[in-house]
Amino acid sequence: MKIYPSLLSSDFGRLLEEVRAVEAAGADGLHVDVMDGAFVPNLTLGPVVLKGLKGRTKLPLDCHLMVQRPDDLLEAFRDAGATGITVHVESGPHLQRTLARIRELGCRPGVSINPATPFESLEWVLDDVDLILSMTVNPGFGGQKLIPAALRKTEKMISWIKSKTDRKIEVQIDGGLNAQNSTSVRNIGVDIAVAGTAVFGAKDYTTAIRELKGLP
Ligand code: DX5
Ligand code: ZN
């Protein structure tokens, strides 16, 4: 299982340093939480800040857009260095168009579903995504507790995806991952797990990441 540390829990005053530290500690990618204060109550960063990391890390910059109007921001995020862009199915009415646009811009298209959203709503965009992000907390804040039903849903979703398509679509979970529940997350076949507090809240990032991956 790959681990993408979520920059939301990093020290923004030392952002680049934090990025380099998790890169050296064995992170597989970076998770960039973009919140607009409308789709979710919290407000974080935009393309202007992301641009400061462009070309300064080898890790993929995976942007999780928790915003009401993702379409307005796609190009700016691509220009700022995003390698992947994930939008919420709950964000807008023209999901397929949004996903096709992300691919057209040369980024990896992903779609995210909130804990209460059924995965079956993704059936007709399976050709358009390379990643499905199943939220294991309600988006908006780091440091929340993983919702068990959301993980049970993710397990069902993984078999459902395999029954619907031969394409490899990576499955990612986001929210509440820790050393205690990471074994069950790995066991259900999650490809990528996002970890905010579990990495940036740890004294030693290398140990934290190895633990989440189940490595000795
Ligand atoms: C929540 C964000 C998450 C968050 C995860 O809205 O999408 O990426 O940073 O943080 P932890 O791992 O602390 O739950
Ligand atoms: Zn996120």
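The values are calculated or read from the model by the stated rules, or taken from the named source; none is laboratory data. Given the structure is predicted, the values throughout are model-derived calculations rather than measurements. Neighbour counts are summed over all protein chains in view; Cβ atoms, including those assigned to glycine, are modelled from backbone coordinates with ideal geometry. Each accessible area value is taken on the protein alone, full model and side chains, heavy atoms only, with ligands, DNA and RNA left out. Shrake-Rupley method; radii C 1.70, N 1.55, O 1.52, S 1.80 Å.
At a glance:
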item	result
Accessible heavy-atom area order of Lys168, Lys145, highest first, probe of 1.4 Å	Lys145, Lys168
Equivalent ellipsoid, the stretch 2-213 (semi-axes from 5 times Cα gyration tensor eigenvalues, Å)	24, 21, 15
Formal net charge of residues neighbouring His88 (Cβ-Cβ distance under 14 Å; K, R +1; D, E -1)	-4
The stretch 2-213: relative contact order in percent, alpha carbon pairs under 8 Å with at least 6 residues between	21 percent
Over the chain: helical MRE at 222 nm, DSSP H runs n ≥ 4 each giving -39500 (n - 2.57), nearest 500	-8500 deg cm²/dmol
Rg(Cα)/(2.2 N^0.38 Å) for the stretch 149-216, N = residue count	1.20
Other-chain or far-sequence residues with amide H under 5 Å of Lys2's (modelled H)	Ile192, Ala193
Proximal aspartates and glutamates to Lys168, defined as alpha-carbon separation beneath 15 angstrom and excluding residues fewer than eight positions away on the same chain	Glu123, Asp127, Asp128, Asp130, Asp191
Heavy-atom surface of the stretch 2-213, accessible at 1.4 Å and reported per residue (Å²)	45 Å²
Euclidean distance of C-alpha centroids, the stretch 60-139 and the stretch 143-180, integer Å	16 Å
Accessible area in the full protein assembly, largest first, 1.4 Å probe, for Lys2, Lys153, Lys162	Lys162, Lys2, Lys153
Rounded FRET efficiency, nearest 0.05, which uses the C-beta distance separating Arg167 from Glu120 and R0 of 22 Å	0.80
Surface share of carbon and sulfur [accessible, 1.4 angstrom probe, percent] for the chain	51 percent
